[in-house]
Amino acid sequence: MNFKSNKKLLWQLPFLLVLIVGTIFIVKQQRDMPYQHNEGFVFGTVYHITYQSDKDLQKEIEAELQKVDNSLSTFNKTSVISKVNTNQVVELDDMFIEVFNKAKAISKETDGSFDITVAPLVNLWGFGFKQGKTPSKYTIDSLKQIVGYEKVTLLSKNIKKKDRRIMIDCSAIAKGYGSDVVARFLKNNDIKNFMIEIGGEIVVSGNSDNRVPWKIGVNKPVEDSTKTNNEIQTVLNITNKAMATSGNYRNFYYKGGKKYAHTIDPKTGYPVQHSLLSATVLAPDCATADAYATSFMVMGMEKAKQVLEKHKELWAYFIYTDTKGKLQVWYSPELEKKIMN
């Protein structure tokens, strides 16, 4: 019996040796493969993408981003969304449909705090603040007639509006979606280690070029008219996650001696009045993280915590002001081991 076992083992040894050598070769090849670093301009912002590959794929990546622009950019007059907004006959593409459906679902989950039809109100208040004027109640009430996610529906690859003046703006989800599109492209090309950042919306996978999980900073919400202050509040040690941050760091208003972020509530038409200044959300995909970060800024920290209780797949890091006006933080328990400082 022992002789047979030993003989069987001797036959297996060459195969085990080949397996070990092959594994060592693959690991070494993986470690020696360089990391590519691409950057550029897209969606009105800057992108930075790092990925482990022996090929520079920037042209292919930008081709993927162009598809997103052609579908969802309101600045692109020939995009699908622009044609929807000008009531042209257009067949919706898969990207538009995917983002629209996700936006509608998150709008329902957040009781309308996330709304891709809110742009007219945001633009009104933005213009008003620049001019030092507060919009009139009449103007706000007029615009509210064409704001509301429930006023647009998807019917057989076509958008139906309750009012032709309704405009769809995916700016609060499109950058996150763009990061997801690039992540899919890299994974389809068998690239496992990467970091994608488009205007602060991030997807990370595997390890960095330092062979450890990615380190991602969360900016401190500080007043900075020069827009050059990128002071870090904390650093998160994460991988295989998407992350997005919402918070109008450089556009606050004051009421009763307290500081509030300039965020418009789609339901009231007015700026929110709570102390949440920055909402960072981690999720399985970046479009989801992007949309929930925006909605949390609208609903405030207490209501956001209630949403987080129902959605355990979401983690959050909130920066807010206490009753004395000092910055404080709250974060999901799952993030405790991810925080580096």
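The values are calculated or read from the model by the stated rules, or taken from the named source; none is laboratory data. Computed from a predicted model, the values in this text were never measured in an experiment. Cβ sites come from the backbone with ideal geometry, for glycine too, and all protein chains shown count toward neighbours.
Would you check which residues across segment 42-55 are of a type outside the set (Val, Ile, Thr) and under 16 Å from VAL181 (Cα atoms) and list them? The answer is PHE43, TYR47, HIS48, TYR51. At least 3 residues being without any contact (Cβ under 8 Å) to a residue 40 or more places away in the chain and surrounded by 13 or more Cβ atoms within 10 Å (Cβ to Cβ) is the threshold, and among the helices (runs of 4 or more DSSP H) wholly inside segment 115-195 those reaching it are 119-130. In the set (1) modelled with pLDDT of 95 or more; (2) of a type in the set (Val, Ile, Thr); (3) over 21 Å from SER171 (Cα atoms), ILE26 fails one condition alone, (1). Residues in segment 198-213 that are surrounded by 22 or more Cβ atoms within 10 Å (Cβ to Cβ) and in contact (Cβ under 8 Å) with a residue 40 or more places away in the chain: ILE198, GLU201, ILE202, VAL203.
Within segment 47-81, being surrounded by 14 or more Cβ atoms within 10 Å (Cβ to Cβ), among the charged types (D, E, K, R) and touching a strand residue (DSSP E or B) at 6+ places or on another chain (Cβ under 6 Å) holds for no residue. Among the numbered conditions (1) surrounded by 15 or more Cβ atoms within 10 Å (Cβ to Cβ); (2) acidic (Asp, Glu); (3) over 20 Å from CYS170 (Cα atoms), the only one that ASP265 does not meet is (3).
Looking only at residues in segment 323-341 that are surrounded by 10 or more Cβ atoms within 10 Å (Cβ to Cβ) and of a type outside the set (A, V, I, L, M), which one is farthest from ILE173 (Cα to Cα)? If you could, list the steps in order and put the result at the bottom.
Taking segment 323-341 as the starting set, the residues that turn out to be surrounded by 10 or more Cβ atoms within 10 Å (Cβ to Cβ) are 325, 327-332, 334-335, 338-340.
Among the residues that remain, those that are also of a type outside the set (A, V, I, L, M) are: 325, 328, 330-332, 334, 338.
Details: GLY325: 30, GLN328: 27, TRP330: 24, TYR331: 22, SER332: 22, GLU334: 24, LYS338: 25 Å.
Among residues in segment 323-341 that are surrounded by 10 or more Cβ atoms within 10 Å (Cβ to Cβ) and of a type outside the set (A, V, I, L, M), the one farthest from ILE173 (Cα to Cα) is GLY325.
All of (1) closer than 22 Å to VAL281 by Cα; (2) touching a residue at least 60 places away in the same chain (Cβ under 8 Å); (3) part of a loop (DSSP other than H, G, I, E, B) hold for GLU91 with one exception: (1).
If the condition is being among the basic types (Lys, Arg) and either at pLDDT 90 or above or in contact with a helix residue (DSSP H, G or I) (Cβ under 7 Å, 6 or more places away or on another chain) (or both), then segment 307-336 contributes LYS310, LYS312. So is SER295 in contact with a helix residue (DSSP H, G or I) (Cβ under 8 Å, 6 or more places away or on another chain) and within 25 Å of LYS175 (Cβ to Cβ) or not? When the stated conditions are applied, SER295 passes them. For segment 238-262, what are the residues that are modelled with pLDDT of 90 or more and loosely packed, with under 14 Cβ neighbours inside 10 Å? Once the filter is applied, which keeps residues that are modelled with pLDDT of 90 or more and loosely packed, with under 14 Cβ neighbours inside 10 Å, segment 238-262 yields only ASN240. Residue count for segment 263-288, restricted to those that are part of a helix (DSSP H, G or I) and small (Gly, Ala, Ser): 1. A single member of VAL99, VAL84 is over 14 Å from MET167 (Cα atoms), buried (at least 21 other Cβ atoms within 10 Å of the Cβ) and either of a type in the set (Lys, Arg) or touching a residue at least 24 places away in the same chain (Cβ under 8 Å) (or both), and it is VAL99.
Yes or no: HIS274 more than 19 Å from LYS220 (Cα to Cα) and either surrounded by fewer than 22 Cβ atoms within 10 Å (Cβ to Cβ) or modelled with pLDDT under 95 (or both)? If you could, list the steps in order and put the result at the bottom.
Working: more than 19 Å from LYS220 (Cα to Cα): no; either surrounded by fewer than 22 Cβ atoms within 10 Å (Cβ to Cβ) or modelled with pLDDT under 95 (or both): yes.
Spelling it out, it is not the case that HIS274 is more than 19 Å from LYS220 (Cα to Cα) and either surrounded by fewer than 22 Cβ atoms within 10 Å (Cβ to Cβ) or modelled with pLDDT under 95 (or both).
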